[in-house]
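Let me begin by presenting the structure, written as structure tokens, before commenting on it.
The values are calculated or read from the model by the stated rules, or taken from the named source; none is laboratory data. These figures come from a predicted structure and were not determined experimentally. Using ideal geometry, Cβ is built from the backbone for each residue, glycine included, and neighbour counts are taken over all protein chains shown.
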Amino acid sequence: MSVSLGEPSRPLRVAIVGSGPSGFYAAEALQKTDLAVQIDVFDRLPTPFGLVRGGVAPDHPKIKNVTRVYEKIASRDGFGFFGNVTIGRDVPIEMLREYYDATILCYGAETDRRLGIPGEDLPGSHTATAFVGWYNGHPDYREHEFDLSAEVAAVVGQGNVAADVARILAKSVDELRATDIAAHALDALAESRVREVHVIGRRGPAQAKFTPPELREFGRLESCVATVEGAIELSPTSAAEVEGSKDLQKNIATLEGYAANDAAGASREVRFRFLESPVAIEGDGRVERLVLERNRLEGDAGRQRAVPTGEHVTLDCGLVFRSIGYRGIALPGVPFDDRWGGIPNTAGRVTDGDTVVPGLYAAGWIKRGPSGVVGTNKPDAVETVRCLLEDLPTLTPCATPDSAPLARHLASRGLRVVSYDDWRRIDAAEIARGTAAGKPREKGTSVDELLGFLDA
């Protein structure tokens, strides 16, 4: 007898791997159909929300308000959460097929791209991901150490993550104290001796990827002055790019204002540098300087590339953070394209060569690469779910349409599975701790600490 998926007697069962924005937007898109659906969201951490919790800067609380939307999605019937469960290790992808009719992979891009230059692994050279995770209390980075005793730091990259790193380094502790920044990071930043932060881009000011609000924030820091290395000069090609973009026009106006600033007497300075690429990190046992090569731009408007000139400059510094993009990681049993660091797919349908993998889908950064803002993930997830629904007549119904046996399997392995109700208890405990400290929340910064809230 054939099974009609999505009927009340046999709901469509979908596993979503990853509980960040793309995972929640995929769940919402499924909930908005007329089908009966059971959605189970899996996350390797005990906490949901992905980069909204672990990536958004602590001084950007308004962006985190999107979790209120995710809370509503999670409160609807047919939504389940399996936190503290790693797909590919605790549950092989093949096992998900036994319990779910379809799987949507939404686990993001977790690693940084490398610069590929000598000295990149010297002490004092770090990924932006590690620093962001550290100050946000992400369990993966709780034990990282950052020596903030140097007076000069370099941030390589000119996107919003690079802006976050530079801004956190440049802010006073008083500006951060009332945020949800991790306590260990606040303590370390209170002792920081960093006074200059250089934000370096290989192309020009017209090609910098800051959003206008992020760039303007540097003009409102209480004890820091934003400046520009040299003058803001645009070639006719770059001027044409700016002319066609309101956001670029705003950025150029902001940078021209910074170029007129004088940092003399300021406690701290953030200096924007353009048309420079790092070619080496040097030092005796740790970072002491960054060697940069000056570039010129070649190509048509919108497609200009940085071409090295052979001229080198040296920046004395004790810290280097790279923020030049992210890569996903391969999941056992799932096709992966190592060239760009994501899952090969067509509009969200996972592909293996020219073949579509039945019942397997992707959304978010692991689908399209690390681009856009939080809201970009919504139409992306909707596209993927639309493909899943188109495939509904051809999906093979799972053999065991029940989550309980999977839960028992995980319990038999000694895993503490965190439900969404468990997360609400963790959430309440963090908020209570934060209230006592005058903060929105005080996060648990290790898996053991987070699980300990459930035993308190």
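Some observations on this one:
- You will find that of TYR99, TYR70, TYR25, the residue that is modelled with pLDDT of 95 or more, crowded, with 20+ Cβ neighbours inside 10 Å and more than 25 Å from ARG416 (Cβ to Cβ) is TYR25 and no other.
- Any hit, the range 42-64, residues being surrounded by fewer than 17 Cβ atoms within 10 Å (Cβ to Cβ), in the same structural domain as LEU406 (by TED's automatic domain parsing) and among the small types (Gly, Ala, Ser): no
- Filter result for ASP34 (under 27 Å from SER371 (Cβ atoms) and either part of a loop (DSSP other than H, G, I, E, B) or free of Cβ contacts under 8 Å to residues at least 40 places away in the same chain (or both)): no
- For ALA170, the test of being touching a residue at least 60 places away in the same chain (Cβ under 8 Å), crowded, with 17+ Cβ neighbours inside 10 Å and either within 13 Å of ASN136 (Cα to Cα) or more than 20 Å from the chain's Cα centre (by Cα) (or both) is passed.
- Pairs, first in contact (Cβ under 8 Å) with a residue 40 or more places away in the chain and polar (S, T, N, Q) in the range 391-406, second surrounded by 15 or more Cβ atoms within 10 Å (Cβ to Cβ) and assigned to a loop (DSSP other than H, G, I, E, B), C-beta under 8 Å, six or more apart: THR396/ASP101
- The range 422-456, residues that are touching a helix residue (DSSP H, G or I) at 6+ places or on another chain (Cβ under 9 Å) and either more than 22 Å from VAL85 (Cα to Cα) or in a loop (DSSP other than H, G, I, E, B) (or both): ALA437, LYS439, PRO440, ARG441, GLU442, LYS443, GLY444, THR445, SER446, PHE453, LEU454, ALA456
- Conditions (1) hydrophobic (A, V, I, L, M, F, W, C); (2) in contact with a helix residue (DSSP H, G or I) (Cβ under 6 Å, 6 or more places away or on another chain); (3) surrounded by fewer than 17 Cβ atoms within 10 Å (Cβ to Cβ); number of the one not met by LEU406: (3)
- One residue stands out in the range 362-381 among those that are among the β-branched types (Val, Ile, Thr) and part of a helix (DSSP H, G or I): the one that is modelled with the highest pLDDT, namely ILE366.
- Qualifying residue in the range 272-279 (condition: in contact with a strand residue (DSSP E or B) (Cβ under 9 Å, 6 or more places away or on another chain), of a type in the set (S, T, N, Q) and part of a loop (DSSP other than H, G, I, E, B)): no
- Residue selection: GLU214 fails the criterion of being more than 24 Å from the chain's Cα centre (by Cα) and touching a residue at least 40 places away in the same chain (Cβ under 8 Å).
- Tally, over the range 180-202, of residues that are under 24 Å from VAL373 (Cα atoms) and either surrounded by fewer than 20 Cβ atoms within 10 Å (Cβ to Cβ) or free of Cβ contacts under 8 Å to residues at least 12 places away in the same chain (or both): 0
- None of LEU406, LEU410, LEU388 is in a helix (DSSP H, G or I), modelled with pLDDT of 95 or more, within 21 Å of GLU28 (Cα to Cα) and assigned by TED's automatic domain parsing to the domain that holds ALA57 except LEU388.
- Pairs with Cβ under 9 Å, 6+ apart, first in the range 333-361 and assigned by TED's automatic domain parsing to the domain that holds ASN377, second of a type in the set (S, T, N, Q) and part of a loop (DSSP other than H, G, I, E, B): PRO358/THR396; GLY359/THR396
- Some residue of the range 218-237 being part of a helix (DSSP H, G or I) and either modelled with pLDDT under 95 or closer than 22 Å to SER277 by Cβ (or both): yes
- Counted residues, the range 293-322 - those being outside any strand (DSSP E or B), aliphatic (A, V, I, L, M) and out of contact with any helix residue (DSSP H, G or I) (no Cβ under 8 Å at 6 or more places or on another chain): 0
- Some residue of the range 347-361 being in a loop (DSSP other than H, G, I, E, B) and under 13 Å from the mean Cα position of the chain (by Cα): no
- Residue within the range 270-292 that is in contact with a helix residue (DSSP H, G or I) (Cβ under 9 Å, 6 or more places away or on another chain) and over 30 Å from ARG114 (Cβ atoms) present: no
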